[in-house]
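Beneath this line is the structure, given in structure tokens, with notes to follow.
Computed from the coordinates by the stated procedures, all read-outs in this text should not be read as laboratory data. As the structure is a computational prediction, the values presented were derived from the model and not from experiment. All Cβ positions, even for glycine, are placed from backbone atoms using ideal geometry, and neighbour counts span all protein chains on display.
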There are 6 protein chains.
Amino acid sequence: MTTWLTTLKTETPQEGYDLAVKMARVAIKMTQPDADVRDKLRPVYAKDADALIASSQVVATHFATVAAANNYWIETP
Amino acid sequence: MTTWLTTLKTETPQEGYDLAVKMARVAIKMTQPDADVRDKLRPVYAKDADALIASSQVVATHFATVAAANNYWIETP
Amino acid sequence: MTTWLTTLKTETPQEGYDLAVKMARVAIKMTQPDADVRDKLRPVYAKDADALIASSQVVATHFATVAAANNYWIETP
Amino acid sequence: MTTWLTTLKTETPQEGYDLAVKMARVAIKMTQPDADVRDKLRPVYAKDADALIASSQVVATHFATVAAANNYWIETP
Amino acid sequence: MTTWLTTLKTETPQEGYDLAVKMARVAIKMTQPDADVRDKLRPVYAKDADALIASSQVVATHFATVAAANNYWIETP
Amino acid sequence: MTTWLTTLKTETPQEGYDLAVKMARVAIKMTQPDADVRDKLRPVYAKDADALIASSQVVATHFATVAAANNYWIETP
């Protein structure tokens with residue numbers, strides 16, 4: 001896999017959130033490397049409330065890490 | 001997506017809780033961007049105890065991050 | 001929603017635990033604001049081991065935050 | 001409910017683990033106060049691998065809190 | 001139960017990981033003390049991907065605690 | 001099992017992420033040591049959105065630990 005994660009630092013909390021979303025998705029890519037299979041799965045779980053909530057949980061866990069890495073963006077003006 | 005998360009700082013724990021609820025929901029929006037689909041899912045999972053509890057778990061995870069970012073609102077008078 | 005969370009500080013660990021239980025429930029209220037629907041769901045999931053355990057997980061996550069906010073009640077005599 | 005949680009301090013990690021088990025169970029008691037119902041549920045989920053693993057997850061989350069409260073028992077001789 | 005957890009300190013991360021696996025299993029033993037029942041459950045969930053992943057989640061949570069207790073083995077040469 | 005985890009230190013966040021993926025998988029190996037069984041399970045859960053998301057959750061939990069062990073790679077130039 002090409003380089004995709006060089007730093008956990010982001011300018012804003014929102015960019016940190018976007019990074020957390022990306023981090024949640026990469027693990028899925030690594031377990032299911034076939035893009036065609038993933039493309040078929042996506043519309044299914046995107047209509048499944050349980051899957052959407054579980055995805056949101058993964059994002060929350062990664063966001064906690066990203067937020068800590070950025071000291072919660074406290075120095076951000 | 002427009003700017004929605006500029007800071008993790010809130011005045012009170014309750015505002016921090018509200019922010020955590022928002023953070024839990026945005027990940028769902030990002031995975032299912034179609035508002036019509038989400039509007040159909042919502043009444044279903046809102047009557048499903050498992051989904052409600054799972055949603056509450058996501059909120060709890062985000063609240064932990066928001067609370068840490070606010071140093072648990074300890075300086076709040 | 002009226003003010004319900006003004007501080008994470010509690011006198012004892014047990015009060016902190018009770019607060020965590022409350023915090024777990026509020027997210028459910030916010031997702032399902034209709035008290036009648038919640039009243040119907042409650043007896044169902046209260047007899048469902050999986051739901052009870054999942055609820056306990058949410059409490060555990062919130063308790064971790066409340067405990068940290070109280071510095072684990074270490075100064076309590 | 002009577003007093004059951006006056007401190008997170010324990011003498012040893014194992015006592016901390018036992019406390020975490022207790023903390024996981026109390027939330028279930030608070031959601032399902034009827035001991036008869038709980039007594040019926042217990043043998044069912046005690047034979048259900050998913051429920052056993054989920055219970056173990058709750059214990060793990062509480063143990064993390066108890067361990068932090070005891071500074072990981074590092075000063076214990 | 002006999003003494004099984006006297007310290008969270010381990011020599012290496014891998015020993016810490018093994019301890020986390022043990023900690024995940026003990027909670028299951030405490031909820032289902034009957035070894036015969038556990039012996040029947042094990043081959044079933046060991047072929048169930050969901051149960052295996054859930055078990056791995058419990059290990060991950062305990063490992064986080066063990067790693068913190070060992071200051072992430074940073075002083076290890 | 002041979003030595004596989006001698007340090008949590010990695011050069012970059014991405015290597016830390018790869019380590020987290022490995023850590024998630026080892027627990028599964030330890031619960032299901034039979035490679036043939038795992039080889040049969042893999043293509044099944046790799047097409048199951050719920051299992052993929054749950055796997056991603058385990059990775060997220062381990063990544064939090066690895067990131068903390070590396071002080072979030074903040075000193076990395």
Positive end of the dipole of the protein assembly as shown, charges at C-beta (+1 Lys, Arg; -1 Asp, Glu), about the Cα centre: which of E:A46, E:Q57, D:T61 has its Cα farthest in that direction? E:A46
Cα lying deepest toward the dipole's positive end in the protein assembly as shown, options C:T31, F:V21, F:M1, charges on Cβ: C:T31
Toy charge model, Lys and Arg Cβ at +1, Asp and Glu Cβ at -1: the range E:13-73 dipole around Cα centroid in debye, rounded to 20, equals 60 debye
Rh (Kirkwood; distinct C-alpha pairs) - chain D, Å: 13.7 Å
Once you put a point 7 Å from the Cα of A:K29 and another 7 Å from the Cα of F:T7, both along the Cβ direction, what distance in nm separates them? 2.8 nm
Angle between the Cα long axis of helix F:35-45 and the longest principal axis of chain F, 0 to 90 degrees, nearest 10? 90 degrees
Shielding by other protein chains, A:5-11, mean Cβ within 10 Å: 5
Expressed as a fraction of 2.2 N^0.38 Å, the rule-of-thumb size for a compact globular protein of N residues, what is the C-alpha radius of gyration of the range B:34-77? 1.65
How many angstrom lie between the Cα centre of the range B:1-41 and the Cα centre of chain D? 32 Å
Determine one quarter of the surface area of the Cα convex hull of the protein assembly as shown, which equals its mean projected area, and express it in nm² to one decimal. 23.2 nm²
At F:E75, label 7 Å along Cα→Cβ: distances to the other copies, nm, ascending? 1.6, 1.6, 2.8, 2.9, 3.3
Ranked output for segments A:61-70, E:37-46 by mean other Cβ atoms within 10 Å, highest leading, reads A:61-70, E:37-46
